[in-house]
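The values are calculated or read from the model by the stated rules, or taken from the named source; none is laboratory data. Since this is a predicted model, take the numbers as computed values, not measurements. Please note: Cβ atoms are built from the backbone with ideal geometry, for glycine as well, and neighbour counts cover all protein chains shown.
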Amino acid sequence: MAAPFLSPLSTFAQQARLKNWAGNLTYSTGNIFYPTSVEEVQQLVKQGNKLKALGTRHCFNRIADSRDSLLSTSKMNKVISLDPALGTVTVEAGIKYGELAPYLNQHGHALHNLASLPHISVGGSITTATHGSGVKNGNLSTAVEALEVVIADGSIINLSKTHNLKKFNAAVVGLGAIGIITKVTLQIQPTYMVAQHVFTDLPMAQLKDNFEKIMSAGYSVSLFYDWQTDLINEVWIKTRLGMDTSPGLHEFYGAQAATKNLHPIIALSAENCTEQMGVPGPWYERLPHFKMGFTPSSGKELQSEYFVPMSNAVEAIEAVAKLGKQIGPHLFITEVRAIAADDLWMSPCYKQTSVTIHFTWKQETKAVLQLLPQIENALAPFNPRPHWGKVFTLDQKTLATRYEKMHDFKEMVADYDPHGKFRNGFLERNVFGR
């Protein structure tokens, strides 16, 4: 790319290579562009041979990596319009949920859900199917009503639920393969209040007969488990006031109510966690596990996550529990959540209400990579689908059997990006099988 073109149009940094949020990987190039407008994105895409969008760097694998050039959307972070009549908000793709949520609440609106961490960008989250919890809550990408994307020739396409639905369902969870997402329109609703209750030491035996009741006990429910005993360490129940029935204050299926705020890893301080003990607060101050004002440091951790059908959840958990002794030394904590089914082609929740088994690992890469095939084999009878932004070892042939629309997705990618401008090693290996 010619320097005379770059200087006036976008901030460009040839710098020391960035690391991801957790510090477990270093991006493969220091060529990073920071456009501030759609027009700049278009011109950068037109003149580049290879380019990859970079969000808030919260992925634990190389899905957003490039050996050539990266385009950061971090400076494209504004609210473009709020339309209460239509129930939508349109934003630039680089805005973080932690920036958008207070704005919406101030104007009397809310999103249907949030992820555990609020400082991830809208564009990056939806393209990887990032999620919160709740058996009736779809992942974050299900709130998308429309997308603006700059494709390989530099032109703009607009896709929505009301126009081009087939292409829309392919592109929302697009894994960065369709193009550069520049604008997103999200469905909103009236603001609401949430209270959070935490219980400890839930007997594992309760899952067999009461799993769906437990996971449906609130608007959003998370189980935290270390696989070392027959007790689930913690149950976090986020109750939407006026909609859900609050759990008992003292006991929940044999678990006991916490007497103070807790961290998901019970030994750690809860200072940075969202308020618990049933204290009501705005939706955006309770749905995440961590406070909006808290940006985690590059903590030394790895993450893996597998989606299985809700109907197989207990069997899947029991299968993993048999590996508890192997898992324990390398694990910080596991979180179990439920997510509603959707129609988005490359979403792990495509056509199935799912339960996720999420592992937050110590940053012991060699040991984790040796463990993952054992976990994947244990889960194989339930056809697990991995989270696209986390660490897994399943190969493309296996993934193709789990994602029934993968072939159609590849055909659409070829239409919009015939020469592979937005492809990288991750996509070639895990989607295209090369």
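Data overview
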{"item": "Single match in LEU186, LEU159 (criterion: modelled with pLDDT of 95 or more, touching a Lys or Arg at 6+ places or on another chain (Cβ under 7 Å) and either outside the structural domain of VAL336 (by TED's automatic domain parsing) or closer than 25 Å to VAL45 by Cα (or both))", "result": "LEU159"}
{"item": "Verdict on GLU305 being within 18 Å of SER220 (Cβ to Cβ), in contact (Cβ under 8 Å) with a residue 12 or more places away in the chain, in a strand (DSSP E or B) and outside the structural domain of GLY132 (by TED's automatic domain parsing)", "result": "yes"}
{"item": "Residue check, ASP201 under 30 Å from GLU335 (Cβ atoms), free of Cβ contacts under 8 Å to residues at least 24 places away in the same chain and surrounded by fewer than 24 Cβ atoms within 10 Å (Cβ to Cβ)", "result": "no"}
{"item": "Single unsatisfied condition, ILE375 versus (1) in the same structural domain as LEU323 (by TED's automatic domain parsing); (2) exposed (fewer than 15 other Cβ atoms within 10 Å of the Cβ)", "result": "(2)"}
{"item": "Count of segment 190-223 residues which are under 16 Å from GLY138 (Cα atoms) and either in contact with a Phe, Trp or Tyr (Cβ under 6 Å, 6 or more places away or on another chain) or in the same structural domain as PRO84 (by TED's automatic domain parsing) (or both)", "result": "1"}
{"item": "Unmet requirement for GLN189, which otherwise passes all of (1) under 23 Å from the mean Cα position of the chain (by Cα); (2) buried (at least 18 other Cβ atoms within 10 Å of the Cβ); (3) of a type outside the set (Phe, Trp, Tyr)", "result": "(2)"}
{"item": "Residue match in segment 206-223 (condition: among the small types (Gly, Ala, Ser), touching a Gly at 6+ places or on another chain (Cβ under 7 Å) and closer than 30 Å to PHE382 by Cα)", "result": "yes"}
{"item": "Checking ASN61 against (1) buried (at least 24 other Cβ atoms within 10 Å of the Cβ); (2) within 28 Å of TYR306 (Cα to Cα), the condition it does not meet", "result": "(1)"}
{"item": "Enumeration of residues in segment 369-417 that are assigned to a helix (DSSP H, G or I), touching a Ser or Thr at 6+ places or on another chain (Cβ under 6 Å) and of a type in the set (A, V, I, L, M, F, W, C)", "result": "LEU372"}
{"item": "Residue, farthest from GLN206 (Cα to Cα), within segment 232-278, restricted to residues that are hydroxyl-bearing (Ser, Thr, Tyr) and in contact with a helix residue (DSSP H, G or I) (Cβ under 9 Å, 6 or more places away or on another chain)", "result": "THR274"}
{"item": "Residue match in segment 271-280 (condition: part of a loop (DSSP other than H, G, I, E, B), farther than 23 Å from ASN105 by Cα and either touching a residue at least 24 places away in the same chain (Cβ under 8 Å) or not β-branched (Val, Ile, Thr) (or both))", "result": "yes"}
{"item": "Extreme residue, modelled with the highest pLDDT, among residues of segment 95-138 that are surrounded by fewer than 22 Cβ atoms within 10 Å (Cβ to Cβ) and among the hydroxyl-bearing types (Ser, Thr, Tyr)", "result": "TYR103"}
{"item": "Residue among VAL194, VAL235 that alone is more than 19 Å from the chain's Cα centre (by Cα) and closer than 30 Å to SER74 by Cβ", "result": "VAL194"}
{"item": "Counted residues, segment 311-335 - those being of a type in the set (A, V, I, L, M) and either out of contact with any helix residue (DSSP H, G or I) (no Cβ under 7 Å at 6 or more places or on another chain) or without any contact (Cβ under 8 Å) to a residue 40 or more places away in the chain (or both)", "result": "3"}
{"item": "Single unsatisfied condition, GLU92 versus (1) surrounded by fewer than 20 Cβ atoms within 10 Å (Cβ to Cβ); (2) within 24 Å of the chain's Cα centre (by Cα); (3) within 23 Å of MET292 (Cβ to Cβ)", "result": "(1)"}
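Matching residues to (1) loosely packed, with under 15 Cβ neighbours inside 10 Å; (2) of a type in the set (A, V, I, L, M, F, W, C); (3) more than 24 Å from the chain's Cα centre (by Cα):
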position: TYR34; (1), (2), (3): no, no, no
position: GLY48; (1), (2), (3): no, no, yes
position: ARG57; (1), (2), (3): no, no, no
position: ILE80; (1), (2), (3): yes, yes, no
position: LEU86; (1), (2), (3): yes, yes, yes
